[in-house]
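Asks: Starting off with a structure, shown below.
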Amino acid sequence: MLNLQNNEFKKLFKYMESVVEFEDELHDISKTWDQLILLSQLGSTGIDMSKTKENFNELTLELTSHLGEATLSKVINEMKSKSQVAVDIVIRNLFERTADIGFLATDDDIRKYLLEQHNIKRKLELHKNDEDDTDFRIAKKEYTQKLMAIKERFKEYVAKYSVYYDIVLFNTQGEIVAKLDDNNSVVKTQDEIIELAKSTKEEYIETYRFHDFLPKHDKSLVYTYKVTESNDNDKIIGYLSLCFKFENEMEGIFSRLINHDNKEVILLLDENGLAIASSDIYQIPIGSKHNVELIQPFGIRQFAGRDYIVKSCKTNGYEGFFGLGWIGHIMIPLDSAFQNYSKEIDIDEKVLHSIMQNEELFKKDLLEIPNKAQFIQDELDRAVWNGNINQMESQSKDADFARSILREVRQTGEKTKTTFNTSIEKLNQTIIGSLLENTTFLASLSIDIMDRNLYERANDCRWWALTSKFKDILAKKDEIDEDDKHEISSILKYINELYTVYTNLFVYDINGNILAVSNESEKDIVGTRLAQTWVKQTISLKDSSKYSVSPFEKTSLYDDQSTYIYGAAITDISNQNALGGIGIVFDSKDQFKSMLKDALPQNEGEVKDGFFSIFVDKRSKEIISCSNGIFKIGEQLQIDNSFFQLNNGEQCSKVIELNGKYYIVGASCSIGYREYKSQNDDYKNDVISLVFIEAGETTAKAKEKKINENNYYHYHIAQDDEIEEIASFYIGDKWLGVKQSEIVEAISIDSLETPISMDSNHHFKGTVVYKNYAVSVLDISPFIKKQITEHKNDIVIVKYAGALGEHTIGLVVDKLGEIMKVPVKYIKPLEKHLIGGGMLGESIVQPPENTDSKSLLTLLNIAKIDELNKE
């Protein structure tokens, strides 16, 4: 629980609307308590309310703490999630780039171009003084043709990996020998990136800063690596740089995360705390300096004269890649951070009660607050009720004044308790609403990770299909020999070592015969023929921008487990005729499970208890992956059909019942990433991501409803009316009463001593010691056909004059009611009216003529009740 004395928390509380409203209401009620305490002393009510007020004040402080903590927790949990996701998503993306540069730097066409370009430039240099010379013109034409060819290759690459805006190729002197941007006039770089790439023992150089060969960009994210003569010959012949669309990528990430309602700003900071990306450059500009808040749950910082609540997160990394030490950072103005934009939640009371028993979601001391408020109110009700009884015995002219004060005391107590209950209800709404929102956020995160990951798979197969060596070998058709197959296998193996998300890569000819594989353990499939529909679809592709994907189904190519196989056609040099295809087997079992787990909240690397998530095919409802394995891949998920009616990018959340438990479930439907699964993509495959939070057992009993409002008859009493004082109470929802002369006192049920051997269903419940006498206590609910609640509050001690003197018994009741003056003419005897199995009622009290009350007050026959005690 938060420390309310902490000035930092107090500063936050004043911005929390629900907390402020609660405090204001209780402040007004507190004033009423002060007035009633004074009037009670003046009116001689005989009760002391100062303790009641003190108890409520203590409970106010406790509930305020919970309200503040829940409100703050909702905000900081969302902030932590968003700042973590902002940096982790981009790091996941950049991890793919490190594989890209490693592979593209070994591209045979690039190597060939660098070697040929060196020779051509020498020819041009020899004849530069005579540009009309034939040799010069031949060399110039050859240079231009080869430059255009390599630029076309770059364009093909960028068309598939659309995360890049330029590719720059350097020779060993740092001269630019090819690039995509024709408007860039730089011909040579002085950037240290060349020396770094030359000397590095790593497989890439990652830099984010100004690069002189990209003068239009103040800062650019570039991946650079050396180009060698071959994989076996490490002689450097040039350097290659891939220029990443950093600003564009961050815009996409921010757009998925940002909540405009609370004016939040999400940032990416460099290792020095400088903003390198901002979701709102007008509020928090790029280049601004920030203090990171990594250790504490949150911080309060001032920026440009405005107070913000802030949170920072370092990346969790991906596959051991951590990038350049960037930090996710979120800032929300304090004056808008705690505004409630959540919709009201409609949850069945039984479900809500079950969820609230989950101590993982609701703190135990929070669940005790309603009980504490009820206990205080019960004590107050009992004191007021007994006070009214005492006033009835008094013939003082001040008795009516005292009774009116007592009524106000009781109503103020009820109002106080109602305020507590309303605030607790809001608190429950905040907690459950936060959980519902959190599940949709996590679901959208996991499906975004999936779409981004599979986007890369669609890119990979299309690019690798353009490998010149594949084209050359497959063009041989029937003349392909074992050396050719071995060469294809070595290329595939090299690729697979860079891209570890695949269990196997394979190349097949026009007839579907597998020629080579990347995975040595799979070489027994070489020579087998593929007859699946997706193979025919792949070979029929005529456009290098197109790809195929198998259905998610069991396949012998993945150890008889279900997966996707991405494919692209390998065409001849003209790109017109298919020669065969490439297939890449995605390691769906491990990769999808990892994606699901990475999107769930974790403690020290382990998913938090009670959380799990699922990918499921929208059309078939078949499970693609489950984070904890409790659902099998391929089985249908039998849940509310509304989850499968979501459109692309839509989300929903609700509480559902599944396998004897309640779950808070959030869902999000895939929307694709960039051009992958977009409206312009031929490939359609909608997947639903669902995040589950185990919330409660369906066997949990619903919370018993208390009788909230007391019935009361207001009679016009004439001067000559004979009056009877009636004290009322409730058993179940039955309104019962006895004459004031038969009332002794109401006491707490805590005094009840239950017999060890007594049948729990018997109406005799035990005894209480009252003024040194043992009094039998009865539960008459079975005899009036009303089930008394499990948590009884009071025992009403009553008496009657018998043949052998005064008899006293106790009655277990649910709630104490009003005490009224009733004209005797409204009390009608029950001559033959039976309540249950015996004549326990002796009369009824008719309501006044001007009332629309449908409740009838039944007066009990105490002597008849006492006879039950003898049975």
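Asks: By accessible area of protein heavy atoms, probe 1.4 Å, what ranking do TYR770, TYR113 get, highest first?
Replies: TYR770, TYR113
Asks: With n ≥ 4 as the cut-off for DSSP H runs, can you work out [θ] at 222 nm for the chain, using -39500 (n - 2.57) per run divided by the number of residues, rounded to the nearest 500?
Replies: About -12000 deg cm²/dmol.
Asks: Using the per-residue mean of other Cβ atoms lying within 10 Å as a proxy for protection, in what order, highest first, do the peptides 774-783, 452-461 fall?
Replies: Those peptides, ordered most packed to least, come out 452-461, 774-783.
Asks: Rounded to the nearest 0.05, what FRET efficiency do SER540 and ASP346 have when you use their Cβ-Cβ distance and R0 = 41 Å?
Replies: FRET efficiency, SER540 to ASP346: 0.20.
Asks: Right, here's the next one. Can you compute the label reach from ASN685? Point 7 Å from Cα along the Cβ direction, backbone N cut-off under 17 Å, restricted to segment 473-515.
Replies: The answer is 501-506, whose backbone nitrogens lie closer than 17 Å to the label point.
Asks: Pop out the carbon and sulfur fraction of the accessible area of the chain as a percent, whole number, probe 1.4 Å.
Replies: C and S fraction of accessible area: 46 percent.
Asks: May I ask which of LYS314/LYS608; LYS471/LYS593; LYS771/LYS792 have a Cα-Cα span longer than 24 Å here?
Replies: LYS471/LYS593
Asks: Still on this model: Rounded, prolate or oblate: which one fits segment 29-102, using the alpha carbon gyration tensor with axes a ≥ b ≥ c (rounded when a/c is under 1.5, else prolate when a/b beats b/c, else oblate)?
Replies: Since a/c reaches 1.5 and a/b is larger than b/c, the shape of segment 29-102 is classed as prolate.
Asks: Which pairs, out of LYS151/LYS245; LYS226/LYS523; LYS121/LYS141, put more than 22 Å between their alpha-carbon atoms?
Replies: Violating the 22 Å limit, Cα to Cα: LYS226/LYS523.
Asks: With a cut-off of 8 Å between alpha carbons and a minimum separation of six or more residues, what is the relative contact order of segment 502-640 in percent?
Replies: Averaging sequence separation for qualifying contacts and normalising by length gives 18 percent for segment 502-640.
Asks: Let me ask you something else. What FRET efficiency comes out for the pair ARG301/ASN272, r = Cβ-Cβ distance, R0 = 25 Å, nearest 0.05?
Replies: The formula returns an efficiency of 0.95 here.
Asks: In what sequence, highest mean first, do 601-609, 720-728 appear when ranked by Cβ atoms within 10 angstrom?
Replies: Ranking the peptides 601-609, 720-728 by packing returns 720-728, 601-609.
Asks: Which whole-number percentage describes the relative contact order of segment 454-577, with Cα contacts under 8 Å and a sequence gap of 6 or more?
Replies: About 26 percent, as a whole number.
Asks: Identify which of the listed values of P(r) over Cα pairs in 10 Å bins from 0, in percent was calculated from the structure shown: (1) 2, 11, 19, 23, 20, 13, 7, 3, 1, 0; (2) 2, 10, 15, 16, 14, 11, 9, 7, 6, 5, 3, 1, 0, 0, 0; (3) 2, 11, 17, 20, 19, 14, 9, 6, 3, 0, 0.
Replies: The value computed from this structure is option (2).
Asks: Treating only the Cβ atoms of Lys and Arg (+1) and Asp and Glu (-1) as charged, compute the dipole magnitude of the chain about its Cα centre; round to the nearest 20 debye.
Replies: Dipole about the Cα centre, nearest 20: 680 debye.
Asks: What is the calculated FRET efficiency for GLU479 to LYS112, with r their C-beta to C-beta distance and R₀ = 25 Å, to the nearest 0.05?
Replies: Calculated value: 0.65.
Asks: Karplus couplings for segment 677-688 from phi (6.51 cos²θ - 1.76 cosθ + 1.60, θ = phi - 60°), rounded to Hz, Gly and Pro as x?
Replies: Ordered by residue, 3J(HN,Hα) equals 6, 7, 5, 8, 9, 5, 7, 10, 7, 7, 10, 9 Hz.
Asks: To continue, here is another question. 7 Å from Cα along Cα→Cβ at both PHE764 and GLU156: what's the point-to-point distance in nm?
Replies: Computed distance between label sites PHE764 and GLU156 equals 9.8 nm.
Asks: Contour minus end-to-end for GLU753 and ASN575, with contour as 0.36 nm per residue of separation and end-to-end as the Cα-Cα distance?
Replies: Length gained, GLU753 through ASN575: 54.7 nm.
Asks: With a probe of 1.4 Å, find how much accessible area the chain has per residue, and write the answer as a whole number in Å².
Replies: Normalised by residue count, the accessible surface of the chain is 48 Å².
Asks: State, as an integer percentage, the relative contact order of segment 187-336 based on alpha-carbon contacts under 8 Å between residues 6 or more apart.
Replies: 16
Asks: Indicate the gyration tensor shape class of segment 210-339 (rounded, prolate or oblate), computed on the Cα atoms with a ≥ b ≥ c the square roots of the eigenvalues: a/c under 1.5 is rounded; otherwise a/b larger than b/c is prolate and the rest oblate.
Replies: Prolate, since a/c reaches 1.5 and a/b exceeds b/c.
Asks: Taking 21 Å as the cut-off for C-alpha to C-alpha distance, list the pairs among LYS140/LYS469; LYS417/LYS739; LYS311/LYS654; LYS589/LYS632 that go past it.
Replies: Violating the 21 Å Cα-Cα cut-off are LYS140/LYS469; LYS417/LYS739; LYS311/LYS654.
Asks: Could you check the simple spin-label distance between ASN233 and THR422, using points 7 Å along Cα→Cβ, in nm with one decimal?
Replies: Computed distance between label sites ASN233 and THR422 equals 8.5 nm.
Asks: Extending each Cα 7 Å along its Cβ direction at LYS854 and ASP733, get the distance between those two points in nm, one decimal.
Replies: Reported label-point gap for LYS854 and ASP733 is 0.9 nm.
Asks: Follow-up question, since we're still on this one. Among VAL265, TYR165, MET250, whose Cα lies farthest out toward the positive end of the dipole of segment 142-281, if unit charges sit on the beta carbon of Lys, Arg (+1) and Asp, Glu (-1)?
Replies: Positive-end residue among those listed: TYR165.
The values are calculated or read from the model by the stated rules, or taken from the named source; none is laboratory data. Treat the numbers as computed from the prediction; the structure is a model and nothing was measured. Every residue, glycine among them, receives a Cβ derived from its backbone with ideal geometry; neighbour counts consider all protein chains shown. What goes into the accessible areas is simple: the full protein's heavy atoms, side chains included, and nothing from ligands, DNA or RNA. Shrake-Rupley method; radii C 1.70, N 1.55, O 1.52, S 1.80 Å.
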